[in-house]
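The values are calculated or read from the model by the stated rules, or taken from the named source; none is laboratory data. Bear in mind that the values here come from a model prediction, so they are computed numbers and not experimental data. We place every Cβ from the backbone using ideal geometry, glycine too, and count neighbours over all the protein chains shown. Each accessible area value is taken on the protein alone, full model and side chains, heavy atoms only, with ligands, DNA and RNA left out. Shrake-Rupley method; radii C 1.70, N 1.55, O 1.52, S 1.80 Å.
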Amino acid sequence: MKIGTKNPPENENLIVWEERFVIGIPIIDDEHKRLVRLCNELYKAVMLGENSARKDTVRETLKECVDYVKTHFAHEEKLMQVCGYKDFDMHKKEHVEFTKMVLGKCQKFEKETFYSSMEFVKFLYQWILSHIAHTDRLYVDDLKAYLKKNKK
């Protein structure tokens with residue numbers, strides 16, 4: 001959904017990748033694009049309606065999201081540590097809290113309803129946009145300075 005659109009059609013993406021999300025670190029930008037795709041897949045799966053196909057697709061997408069988030073966060077955290085990012089602990093805490101929320105959702109999945117699934121998609125949407133568009137930008141200057149300094 002383009003920012004500000006209230007009720008997107010079922011076949012439309014919830015999040016449209018925009019240049020403002022690019023942080024300039026190709027591997028992280030690619031991983032962020034994949035997270036956006038996963039959120040869009042989850043959204044579309046939820047919009048399938050109340051049936052077993054929806055539940056199976058949501059379950060598979062949630063599992064993929066959990067697995068991928070672990071990989072992505074590990075990459076980001078390693079980069080932040082390497083460049084000596086001063087707010088590493090705070091950033092890592094956000095990652096831990098997000099992971100707990102997603103894992104909790106997976107554990108309660110059998111009791112999911114359309115409404116609770118949409119609430120979770122809304123949470124993902126807001127978290128991804130705020131984290132990619134703002135929080136991740138905070139370590140980029142430190143990382144770029146480190147990479148420039150250590151360029152061989």
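Applying the selection to segment 127-152, what residues are modelled with pLDDT under 90 and closer than 18 Å to Tyr68 by Cα? Scanning segment 127-152 gives Trp127, Ile128, Leu129, His131, Ile132.
Among the residues of segment 53-86, the one identified as crowded, with 19+ Cβ neighbours inside 10 Å and among the aromatic types (Phe, Trp, Tyr) is Tyr85. Summed over segment 87-102, residues that are hydrophobic (A, V, I, L, M, F, W, C) and either outside any helix (DSSP H, G or I) or open to solvent by 70 Å² or more (accessible area, probe 1.4 Å) (or both) total 2. You will find that of Leu143, Leu147, the residue that is loosely packed, with under 14 Cβ neighbours inside 10 Å and over 18 Å from the mean Cα position of the chain (by Cα) is Leu147 and no other.
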